[in-house]
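Below is one structure; the comments refer to it alone.
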Amino acid sequence: MTNRNLNFKHRVAVVGAGLTLFRSRMLETPQELAWLAAKQALDEAGLTLKDIDCVVIGSAPDAFDGVHMKGEYLAEGAGGIHKPTIRVFVGGATGVFVPIAAWWHVASGLCKRVLAVAEEKMSHAAKPHTQYVFRYIWDPVVEKPLNPNLIWIFAMEMHRYMHKCGVKKEDIALVSVKNKRNACGHPSAQLCMPNITVDDVLKSEVLVWPVQLLDISPTSDGAAAVVLASEEEARRITDTPVWIKGIGWTLDTTHWTNRDLAYPEYVRRAAEMAYRMAGIDNPRKQIDVAEPYDPFDYKELHHMEGLGLAKKCEAPILTREGVTQRDGDLPINPSGGLLGVGNPIAAAGLMKVAEIFWQVRGEAGERQVKKPVYTGLAQAWGDLMQAGTVIVMGI
Amino acid sequence: MRRIKHFPEVMEIEAYIYTAGPVGTKWLEALRAGRLTAARCPKCGRLFMPPKMFCPYDFEEVKELREVEPVGVVETYTVVERDFYGEPLRERKVLAFIKFPGVEGGLIHYVKTDNPQMGMRVRPRWRAERRGLVTDIEYFEEV
Ligand SMILES: [Zn+2]
């Protein structure tokens, strides 16, 4: 089958999804978290481990769980023993990269049923703080001697975006309020805050101006999983497969000083790849619901613009007008996102894919968006804030 | 004086705090009580170590531990002659992989012996003060 400029043999569908609780510290070991999510995804698909041909695992730096070769370590809980198993890793973008990698396992004809599992146990990296892991992602020559902190960079990016687009903190805080309220409908959520207001965000502790405590997602433990199947298998497994219509991923330079900080080019390019494959030329009209990556509130806005769901500098306006609410014309992060559900890095990205799966199936419960969903999108972003991963799914 | 050629860094987090998992916690509690146990799968009935909340063979949930007769068999062993820094040890250490009949997997542990043998039967020497660690077994000794 030839679809635009990409060649693949088989259409691929998602047929089941699973998710653990997201919490700041879970008793379960990383393997056990992976198993909880994997088992749930298999159960939802009505499959057992025996039905799985290949396994794809995603997890962010080994340093969080504190187990080097984390992919190999997780393999047992992810159901990968004695099967072709691989771990993929593109930092925070990993969660959406896991189903992308699983997609090519099936689309190529290599495997028929693939289990894709993402896990993160950030709480293991205990002292002095989980954030310390990020001390070791910098360029050792030009950045490391400054002892940079990840939040500094976000603060600078956020500030640049505010400056270029004339966005006020109040507008950005609306994203945090929306997502932390949305999270109250999510059974896995770590930060459901039903009564949070813009004022609460603006009065929260200033970490690195303009970043305040309630602008940020928490650190979390958790796992997520999806089962992918070829068209023939998917139709056998379920009456309601959710098709993967487009995938895209790109990297920008690791030097964040050499990028446009106000506009995420890495997301635009990844989205263009996915849209071309999915036959989407007007995402604002053709995407019914989206889960852009929101580890910080301003990133949701940033990424909406990169995804073409809003024009440059337009996302804060759409947010203010209520367009991005669950009952709005373009619901954004109805799950509650990373800001509300939590941020076990790779698992958080895959949680978004699971959300789109459930939204398309009409199985999102009280999170179900008001408008009918034919096509949805999930996106993640990571490495040194340079990787973009996008997946488009639909009926 | 620091040379301009390099930027030195020690890449480590100061401390990790690892969770044992629900079944692993029970296993450690049993060790503290001086009992050796293995996880039991309700579906296939296998007993296995290390214990975890799922059966690695069929993915079934595991909640139960069964006490295991603490007599193991040395499946293989090595003799450690030097420490981490390459210095000769004052006392050589025997490190063995010990299997327990009827249990999948097993334990790596020290065996106190001057004459290690493949297939030798060993049992744990428990510490008087136990804290819920695998080192609550000080070492294994010949039966
Ligand atoms: Zn079993």
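So here's what we get for this one:
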| quantity | calculated |
| --- | --- |
| Flagged links, alpha-carbon separation over 25 Å, of A:168/A:285; A:50/B:52; A:121/B:52; A:9/A:370; A:70/A:127; A:50/A:245 | A:168/A:285; A:9/A:370; A:50/A:245 |
| For the protein assembly as shown, the fraction of alpha-carbon pairs in successive 10 Å shells from zero, as % | 4, 18, 26, 23, 15, 10, 4, 0 |
| Nearest-10 value in Å² for the accessible area of residue B:110, using the 1.4 Å probe | 100 |
| C-alpha long axis of helix B:22-32 to longest principal axis of chain B, angle in ° | 90 |
| Built amide H within the under 5 Å cut-off of residue B:111, gap 5+ | B:94, B:95, B:96, B:140 |
| Cα Rg, Dmax (largest Cα-Cα span) when computed across region A:209-332, Å | 16.8, 54 |
| Highest average packing first - A:94-104, A:141-151, Cβ atoms within 10 Å | A:94-104, A:141-151 |
| Distance between region A:109-171 and region A:1-80 - C-alpha centres, whole angstrom | 22 |
| Ranked packing of A:26-32, A:320-326, most packed first, by mean Cβ within 10 Å | A:26-32, A:320-326 |
| Share antiparallel - DSSP beta bridges, chain A, percent rounded to 5 | 75 |
| Candidate aspartates and glutamates - alpha carbon under 17 Å from residue B:93, same-chain residues fewer than 8 apart omitted | B:75, B:81, B:83, B:114, B:138, B:141, B:142 |
| Chains B and A together, accessible area buried on both sides, 1.4 angstrom probe, square angstrom | 2500 |
| All-pairs Cα distance distribution in region B:21-142, expressed in whole percent, bin size 5 Å | 2, 12, 19, 20, 18, 14, 9, 4, 2, 0 |
| Percentage relative contact order, chain A, counting C-alpha pairs under 8 Å, at least six apart | 25 |
| Net +/- balance of residues flanking residue A:125 in space, Cβ distance below 15 Å, scoring K and R +1, D and E -1 | -2 |
| Largest-first ordering by accessible area, 1.4 Å probe, given options A:113, B:90, A:181, A:23 | B:90, A:181, A:23, A:113 |
| Computed E for residue B:60/residue A:27 - FRET, C-beta separation, R0 22 angstrom, nearest 0.05 | 0.70 |
| Electrostatic dipole magnitude of region A:169-325 [Cβ: Lys, Arg +1; Asp, Glu -1; Cα centre; debye, to 20] | 240 |
| Cβ neighbours within 10 Å from other chains - mean over A:21-33 | 4 |
| 5 angstrom amide H check on residue A:387, placed H, neighbours 5+ away | A:252, A:382 |
| Long pairs among A:144/B:5; A:169/A:371; A:312/A:371; A:164/A:312, criterion Cα-Cα beyond 19 Å | A:169/A:371; A:312/A:371 |
| Computed [θ] at 222 nm, helices only, for chain A once each DSSP H run of length n ≥ 4 contributes -39500 (n - 2.57) | -10000 deg cm²/dmol |
| Heavy-atom SASA rank of A:112, A:312 (probe 1.4 Å, accessible area, largest first) | A:312, A:112 |
| In Hz, Karplus ³J(HN,Hα) per residue of region A:325-331 (6.51, -1.76, 1.60; θ = phi - 60°; x = Gly, Pro) | 6, 4, 9, x, 6, 9, x |
| Surface share of carbon and sulfur [accessible, 1.4 angstrom probe, percent] for the protein assembly as shown | 52 |
| HN-Hα J in Hz across region B:126-143 - Karplus 6.51, -1.76, 1.60, θ = phi - 60°, x for Gly and Pro | 7, 6, 5, 9, 10, 10, x, 10, 5, 7, 4, 8, 5, 6, 9, 9, 5, 6 |
| Accessible area of the protein assembly as shown divided out per residue, in Å², using a probe of 1.4 angstrom | 43 |
| Average other protein chain Cβ within 10 Å of Cβ, residues A:81-91 | 0 |
| Inter-chain shielding of B:46-54 (mean C-beta neighbours from other protein chains, 10 Å cut-off) | 3 |
| Most to least accessible of A:156, A:193 (protein chains only, probe 1.4 Å) | A:156, A:193 |
| Listed peptides A:335-342, B:11-18, B:25-32, B:131-138 by packing density, highest first (mean Cβ within 10 Å) | A:335-342, B:25-32, B:131-138, B:11-18 |
| Value of [θ]222 nm, deg cm²/dmol, for chain B, DSSP H segments ≥ 4, -39500 (n - 2.57) each, nearest 500 | -2500 deg cm²/dmol |
| Relative compactness, region A:19-172, computed as alpha-carbon Rg over 2.2 N^0.38 Å | 1.25 |
| HN-Hα J in Hz across region A:376-390 - Karplus 6.51, -1.76, 1.60, θ = phi - 60°, x for Gly and Pro | x, 9, 10, 9, 9, 8, x, 6, 7, 6, 10, 9, x, 10, 9 |
| Kirkwood Rh, Cα atoms: Rg over Rh of region A:45-125 | 0.98 |
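The values are calculated or read from the model by the stated rules, or taken from the named source; none is laboratory data. Because the structure is a prediction, the values reported are computed rather than measured. Methodologically, a virtual Cβ is constructed for each residue, glycine included, from the backbone with ideal geometry; neighbour enumeration extends over all protein chains shown. The area values use the complete protein model at the heavy-atom level, side chains included, leaving out ligands, DNA and RNA. Shrake-Rupley method; radii C 1.70, N 1.55, O 1.52, S 1.80 Å.
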